[in-house]
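> Quick one: the structure is below, questions incoming.
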């Protein structure tokens, strides 16, 4: 699996999820939980980071699952877990 994790299309979605999580936590630490009618810049950045991963993950799956299925599925699982962890504060704090 390390061999596949060295590919950009494998580690980039994980990095994007980590960035979204860090951005959310820093935003909450600085501004607190603020509920408003309009989505702010934080929500848009979060959505771009998380939504931007989808084509990269699809490319990775189409390219590597047929070639190295066991390793590729492990990387896809890691990407999935990273995405769930990034969404956790948004879900539990109802942001």
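> Kindly check whether there is at least one residue in the range 57-64 that is buried (at least 16 other Cβ atoms within 10 Å of the Cβ), in contact (Cβ under 8 Å) with a residue 60 or more places away in the chain and in contact with a helix residue (DSSP H, G or I) (Cβ under 9 Å, 6 or more places away or on another chain).
There is at least one residue in the range 57-64 that is buried (at least 16 other Cβ atoms within 10 Å of the Cβ), in contact (Cβ under 8 Å) with a residue 60 or more places away in the chain and in contact with a helix residue (DSSP H, G or I) (Cβ under 9 Å, 6 or more places away or on another chain).
> Kindly indicate the residue of the range 65-95 that is in contact (Cβ under 8 Å) with a residue 12 or more places away in the chain and not in a helix (DSSP H, G or I) and also farthest from residue 43 (Cα to Cα) among those meeting that condition.
Here the residue is 68.
> Still on this structure: Return the residue satisfying two criteria in turn: it lies in the range 1-45 and is surrounded by 11 or more Cβ atoms within 10 Å (Cβ to Cβ) and not in a helix (DSSP H, G or I), and of such residues it is modelled with the highest pLDDT.
This residue is 7.
> Would you mind stating whether residue 42 is more than 18 Å from residue 93 (Cα to Cα) and either out of contact with any helix residue (DSSP H, G or I) (no Cβ under 7 Å at 6 or more places or on another chain) or free of Cβ contacts under 8 Å to residues at least 24 places away in the same chain (or both)?
The answer is no for residue 42.
> Okay, next question. So, of the residues in the range 21-39 that are within 19 Å of the chain's Cα centre (by Cα) and free of Cβ contacts under 8 Å to residues at least 12 places away in the same chain, which turns out to be farthest from residue 1 (Cα to Cα)?
Ranking the qualifying residues of the range 21-39, first place goes to 26.
The values are calculated or read from the model by the stated rules, or taken from the named source; none is laboratory data. As the structure is a prediction and not an experimental result, all values here were calculated from the model. Glycine gets a Cβ as well: all are built from the backbone with ideal geometry, and neighbour counts include every protein chain shown.
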